[in-house]
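> I'd like to ask some things about the structure below.
FYI, it's all coordinate maths here, none of it is from the lab. Treat the numbers as computed from the prediction; the structure is a model and nothing was measured. Ideal geometry is used to build each Cβ from the backbone, glycine not excepted, and the neighbour counts take in all protein chains shown.
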Amino acid sequence: MNNSALRAYLSTRAPDQIHSAFVAYLANLDLVAHQFPQIASDIVQELIDQRSYVKLIASENYSSLAVQAAMANLLTDKYAEGFPHHRYYGGCQNVDSIESAAAAEACALFGAEHAYVQPHSGADANLVAFWAILSRQIEMPTLSSLGVTAATHLSEEQWEVLRQKMGNQKLMGLDYFSGGHLTHGYRQNVSGRMFRVVSYAVDRDTGLLDYAAIEAQAKRERPLILLAGYSAYPRSINFRIFREIADKVGAVLMADMAHFAGLVAGGVFTGDEDPVRWSHIVTSTTHKTLRGPRGAFILCKKEFAEAVDKGCPLVLGGPLPHVMAAKAVAFREARNAAFKTYAHAVRDNARALADACIQQGMQLQTGGTDNHLLLLDVRPFGLTGRQAERALIDCGVTLNRNSLPFDPNGAWLTSGLRIGTPAVTSLGMGPEEMKRIARLIARVLGAATPVRTKTGALSKSAAEVPGEVRSSVCSEVRELLARFTLYPELDEPFLRAHFTRRPAGQNTCRRRDLNPYGVTPTDFESVVSASFTTSARAQPITRGTKGTAVHVVFLREAPCLPLREPLFFSHEEF
């Protein structure tokens with residue numbers, strides 16, 4: 001590769017100026033670009049975009065470059081169905097070593113009796129846990145009573161009886177609109193179809209879990225599985241009380257700590273708030289507060305270990321050895337003292353952000369937070385969650401809309417925003433920055449207004465922010481992010497120069513892509529008018545024709561983004 005970016009970098013740097021992480025990154029991109037330049041370009045563009053927005057998505061974070069590097073290797077070539085030293089394929093000794101190391105790191109990190117690190121996602125982990133519980137609690141006792149050791153030894157009639165029995169068990173988890181996850185029994189998810197689901201909800205007045213009400217409901221329903229955990233609940237959970245309830249009704253206590261695993265690992269949630277201590281089975285993702293790769297794992301008591309390890313063939317096929325390697329690295333990173341400092345800072349920042357939002361006159365579900373997230377009610381602004389989400393993204397702040405308890409706007413439009421601090425804390429931001437972010441959110445939402453549809457009715461999905469407000473907020477976003485650089489080891493100008501140049505016509509941006517760049521369809525239409533007049537935010541620097549399509553090149557100088565390479569817009573896309 002004569003045009004190697006790595007070679008160019010090494011030839012222009014003194015030895016003491018060479019950063020090994022950047023060398024590894026460049027070597028990777030060089031190989032990718034040699035085969036498929038667009039993919040390398042899009043990877044670099046993702047870095048540019050992530051550096052251009054304040055990320056407040058509670059389920060996202062920034063993994064280390066070491067974690068990312070652990071995934072980019074030949075481990076992806078190996079099939080390893082089964083579990084360590086019990087594989088359906090030969091030659092898995094190195095995968096055995098890696099998976100065993102990852103499991104050992106997870107056990108040491110969380111104080112668990114057993115760990116299973118194969119699940120690809122939190123949804124997969126929950127499915128494995130569900131079926132492991134069904135297997136141990138329903139299938140194995142039934143097989144024992146029939147004098148057989150495996151379901152394959154049953155007659156068709158016996159198997160049908162067992163299958164019906166396993167498919168008629170009760171799952172009791174947190175209601176979706178109260179902050180539960182889709183996989184906790186939501187009817188649109190497979191979990192809501194494989195169980196008889198009896199959800200519990202938060203208190204209508206306080207928005208908090210009512211443990212007495214949960215216990216009373218559990219005694220009435222007597223579920224096989226009592227599931228504790230959340231996707232959008234801003235308070236801590238008392239897992240000791242949940243275990244007491246589970247024991248009283250003969251249920252298995254399962255905890256989903258996908259969102260707050262990093263707070264458990266970092267010692268923020270201890271004692272009664274530690275799900276690993278009190279639960280029979282705990283599931284989690286690795287990529288949220290834990291700052292690992294995209295994936296998941298399961299922790300459990302010894303009595304569930306055998307059933308959990310049979311995730312393949314029960315639910316999963318071949319694991320992803322390269323991702324398990326990255327999980328091992330992430331678990332090791334989380335065992336460092338610096339991670340404990342980080343985990344406490346995540347909660348401190350969430351509380352600081354919550355206090356600042358309240359001071360700005362905004363309404364928060366439950367009045368604050370105990371963890372890494374807060375729920376903002378946007379109805380006082382006359383907006384839906386979808387409108388608020390879009391308005392903030394247009395101003396350089398990414399987050400997601402979220403249902404509130406008993407939400408009249410449903411799961412699509414919603415009435416709230418879920419705001420999280422894991423990513424901004426990873427950048428090094430602190431309480432003072434949280435105050436500033438709260439002011440920016442308040443300014444945008446206070447200025448946003450619903451747009452009118454073609455029929456003249458007010459849209460429930462779209463909102464617009466006055467240009468002067470958007471420009472002002474985006475300017476502050478740029479200034480804030482300039483002080484907290486994501487992956488400072490990576491030289492963005494160098495990467496852009498070597499990987500993001502595209503010939504005219506190959507960087508076409510469709511209508512749906514315009515808002516992140518601060519260019520609206522109106523801007524575009526004004527530019528491609530007969531006189532090619534210039535709009536306030538998009539300046540044509542060349543023009544040409546290709547058939548009936550008019551192509552205009554804009555400098556990529558949007559309110560929230562610094563000047564970058566030209567973008568090419570085709571009029572036919574509009």
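> Which aspartates and glutamates does Lys460 reach when only Cα atoms under 15 Å apart count, and residues fewer than 8 places away in its own chain are ignored?
The reachable aspartates and glutamates, counting only those whose Cα sits under 15 Å from Lys460, are Glu389, Asp407.
> Among Ala27, Tyr9, Gln45, flag the residue with its Cα farthest along the positive direction of the charge dipole of the stretch 5-51, charges on Cβ as +1 for Lys/Arg and -1 for Asp/Glu.
Tyr9
> What distance in nm separates the simple spin-label points at Asn3 and Glu81, each placed 7 Å from Cα in the Cβ direction?
Modelled inter-label distance: 4.3 nm.
> What's the angle, to the nearest 10 degrees (0 to 90), between helix 239-249's Cα axis and the longest principal axis of the chain?
40 degrees
> Taking the Cα centre of the chain as origin and charging only Cβ (+1 Lys, Arg; -1 Asp, Glu), how large is the dipole, in debye to the nearest 20?
Roughly 840 debye for the chain.
> Let me ask something additional. Report, to the nearest 10°, how far helix 122-134 tilts away from the longest principal axis of the Cα atoms in the chain, using its own Cα long axis and a range of 0 to 90°.
Here the helix axis deviates by roughly 10 degrees.
> When we measure straight from the Cα of Lys170, which lysines land under 17 angstrom away, once same-chain ones fewer than 8 places off are left out?
Lys219, Lys248
> Which lysines have a Cα lying under 16 Å from the Cα of Lys302, excluding residues fewer than 8 positions away in the same chain?
Lys310
> Please report the Cα spread of the stretch 74-335 along all three principal axes, rounded to whole Å, starting with the longest.
For the stretch 74-335, the Cα extents along the three principal axes come out at 57, 50, 30 Å.
> Using only alpha carbons, build the gyration tensor for the stretch 5-51 and give me the equivalent ellipsoid semi-axes, biggest first, whole Å.
The three semi-axes for the stretch 5-51 are 21, 14, 8 Å.
> Ignoring solvent entirely, what values of log10 I(q)/I(0) come out of the Debye formula for the stretch 1-90 at 0.12, 0.21 Å⁻¹ when each Cα is a single scatterer?
Computed log10 I(q)/I(0) values: -0.58, -1.15.
> When a/c is below 1.5 the answer is rounded, else prolate if a/b is larger than b/c, else oblate, so apply that to the stretch 248-312 with a ≥ b ≥ c taken from the square roots of the Cα gyration tensor eigenvalues.
It comes out oblate by the Cα gyration axes.
> Calculated FRET efficiency, Val23 and Ala104, Cβ-Cβ r, R0 45 Å, to nearest 0.05?
Using R0 = 45 Å, I get an efficiency of 0.90.
> Something else now. Going by how many other Cβ atoms sit within 10 Å of their own, how do Met71, Met172, Met254 line up, fewest first?
Met71, Met172, Met254
> Find how much the distance from Phe406 to Tyr88 grows on full extension, using 0.36 nm per residue of separation minus their present alpha carbon separation; answer in nm with one decimal.
Difference between extended and current length: 109.7 nm.
> Provide the FRET efficiency to the nearest 0.05 for the Glu303-Ala337 pair, computing r from the beta carbons and using R0 = 30 Å.
It comes to 0.35.
> Determine, for Ser20, Ser121, the number of other Cβ atoms within 10 Å of each Cβ, and report the residues in order from fewest to most.
Ordered from fewest to most neighbouring Cβ atoms within 10 Å, Ser20, Ser121 come out as Ser20, Ser121.
> How are the C-alpha pair distances of the stretch 339-482 spread across 10 Å bins, as whole percents from the shortest bin up?
It works out to 12, 42, 34, 10, 2, 0, in whole percents.
> What value, in deg cm²/dmol to 500, does the helix sum -39500 (n - 2.57) over DSSP H runs of n ≥ 4 give at 222 nm once divided by the residues of the chain?
-12500 deg cm²/dmol
> Over the chain, what is the relative contact order in whole percent, taking alpha-carbon pairs under 8 Å and six or more residues apart?
17 percent
> On to the next question. Rounding to the nearest 20 debye, state how big the charge dipole of the stretch 195-297 is about its Cα centre with +1 on each Lys and Arg Cβ and -1 on each Asp and Glu Cβ.
Here the stretch 195-297 has a charge dipole of around 300 debye.
> Mind scanning Lys288/Lys340; Lys55/Lys327; Lys55/Lys340; Lys165/Lys301 and naming the pairs with a C-alpha gap bigger than 19 Å?
Checking Cα-Cα distances, Lys55/Lys327; Lys55/Lys340; Lys165/Lys301 exceed 19 Å.
> Let me ask another. Multiplying the sequence separation of Ile39 and Ala482 by 0.36 nm and subtracting their Cα-Cα distance, what value in nm do you get?
156.8 nm
> For labels at Arg193 and Thr453 in the simple 7 Å Cα→Cβ model, what's the distance in nm?
3.0 nm
> While we're here: Go ahead and run the numbers for FRET between Val469 and Gln359, Cβ-Cβ distance against an R0 of 25 Å, rounding to 0.05.
Efficiency, rounded to the nearest 0.05: 0.80.
> Okay, moving on. Which value, in debye to the nearest 20, gives the size of the charge dipole of the stretch 119-256 about its Cα centre, when Lys and Arg are +1 and Asp and Glu are -1 at the Cβ?
160 debye
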